[in-house]
Each structure stands twice: as C-alpha cells, then as structure tokens.
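Remarks on the structure that follows.
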C-alpha cells in the first residue's frame, strides 16, 4: 500500500525540510541524516528534497545558514530591547546571548563552525556570506567599544575581534563537547568571560 504524500507550497516545503533535518541531527547526529530519511520523515517523495538542495552537503550548509541568521537577528535586537543598559552591560549581554545560543542549539552550532562543512565538506557561497556577516557584526561591536574608550585601541580592531571571538568560541566548544557539564555554571562563566575581555582590553 502506497503512503499518501503531503502537499506543500514551495517555500513551506523548504522550511519543513530544514526543520525536519535539524530534528534528525539533534536526535542522531549528522551521520543519521540522509535525503531519503528526510523525505520519509516529512512525508514527501524521495526526490522532493532535491528540488531545494542538490545534496546532503548543501542541506547542511542551509541549516548552518539558518543558525547564523537566527543568531544575527537575536543579537541585533539587543540594543533596542535593552536601551537602558550602557555599552559595557550590552557587551556582557551579547556574550551571554552567544553562549546561550550555542548551548541551546549545539548541533546547529557544530555545523556553523565545525569541520563537517568547513573542512570536510564544501561551504556554499551563501553560507560564506552570512558567516562573514555574523563576524562583521561582532567586529562592529568591538569597533564601537574602542571608539567610546571602553576597549583600548592599542591593538587593531580586527585582531581584538578575532581574539575575543576565539575566547567565546572556545568556551562554547568546551560546553558542547561535554568538558563543562554543569549547565548551572553557564551564566557565571559567560559573565566572567565578558568581564575578563573588558578588563584585558580596558583603557587605563
């Protein structure tokens, strides 16, 4: 007996495929995801996913893009949502937002920054673009803090942005890899990281 296939509008199916693929990865890891399994889970023909993604690598890249987009949207709204905070407090909130995102979306975070795409796969041009935009947003934060004398301009803005981002990424990797397993320490570690970054780069 043939199973009835669901009918989707073009844009709706793409989003449904992305969400279902994310769920599969969350439950069983990247290796558990296949285009056939994805089609079966969504309830469409096994050729349907190929109308949106030419292969598994392109699908993984699209999931990573979605993660970058969600993260950029979240941090972009912080100044408007917390207009009462000064720039130091906003910096701490940005750091906490970054760490919380990685903690709440470990599988997506791994795709955004891990070797599955960047080293073993082939990142799409759209993924390269949005990942650069994500870092550009962080770079602009550092530039603003330097201009307002909250951070020292003794070092080039790009190097400060790279070094500070590496600190956050390292903390997130330790969390997601299970080195730091006590989630109750997450907020304190985030605030400590923000305080250290501000202290190490403060203007005397």
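Per-structure values
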item	result
Residue in the stretch 24-33 that is out of contact with any strand residue (DSSP E or B) (no Cβ under 9 Å at 6 or more places or on another chain), more than 30 Å from residue 165 (Cα to Cα) and without any contact (Cβ under 8 Å) to a residue 24 or more places away in the chain present	yes
Residue 150 vs. criteria farther than 22 Å from residue 100 by Cα and crowded, with 17+ Cβ neighbours inside 10 Å	yes
Failed item in (1) outside any helix (DSSP H, G or I); (2) surrounded by 15 or more Cβ atoms within 10 Å (Cβ to Cβ); (3) at pLDDT below 90, with residue 123 passing the rest	(3)
Residue 133 vs. criteria in contact (Cβ under 8 Å) with a residue 12 or more places away in the chain, over 19 Å from residue 91 (Cβ atoms) and part of a helix (DSSP H, G or I)	yes
Given (1) under 19 Å from the mean Cα position of the chain (by Cα); (2) at positive phi, index of the condition residue 118 fails	(2)
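Quick grid of which residues meet (1) without any contact (Cβ under 8 Å) to a residue 24 or more places away in the chain; (2) touching a strand residue (DSSP E or B) at 6+ places or on another chain (Cβ under 6 Å); (3) in the same structural domain as residue 101 (by TED's automatic domain parsing); (4) part of a helix (DSSP H, G or I):
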| position | (1), (2), (3), (4) |
| --- | --- |
| 141 | no, no, yes, yes |
| 150 | no, no, yes, no |
| 158 | yes, no, yes, yes |
| 161 | no, no, yes, yes |
| 164 | no, no, yes, yes |
| 169 | no, no, yes, yes |
| 175 | no, no, yes, yes |
| 188 | yes, no, yes, yes |
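Okay, residues lined up against (1) modelled with pLDDT of 95 or more; (2) surrounded by 13 or more Cβ atoms within 10 Å (Cβ to Cβ):
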| residue | (1), (2) |
| --- | --- |
| 5 | no, yes |
| 29 | no, no |
| 36 | yes, no |
| 39 | yes, yes |
| 65 | yes, yes |
| 88 | no, yes |
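Residue by residue, here is whether (1) in contact with a helix residue (DSSP H, G or I) (Cβ under 8 Å, 6 or more places away or on another chain); (2) not in a helix (DSSP H, G or I) holds:
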| site | (1), (2) |
| --- | --- |
| 59 | yes, no |
| 70 | yes, no |
| 73 | no, no |
| 84 | no, yes |
| 88 | yes, no |
| 92 | yes, no |
| 96 | yes, no |
| 101 | yes, no |
| 116 | yes, no |
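The values are calculated or read from the model by the stated rules, or taken from the named source; none is laboratory data. If you're wondering where the values come from, they're calculated on a predicted model, not measured in any experiment. Counting neighbours? That spans all protein chains shown, and the Cβs are built from the backbone with ideal geometry, glycine included.
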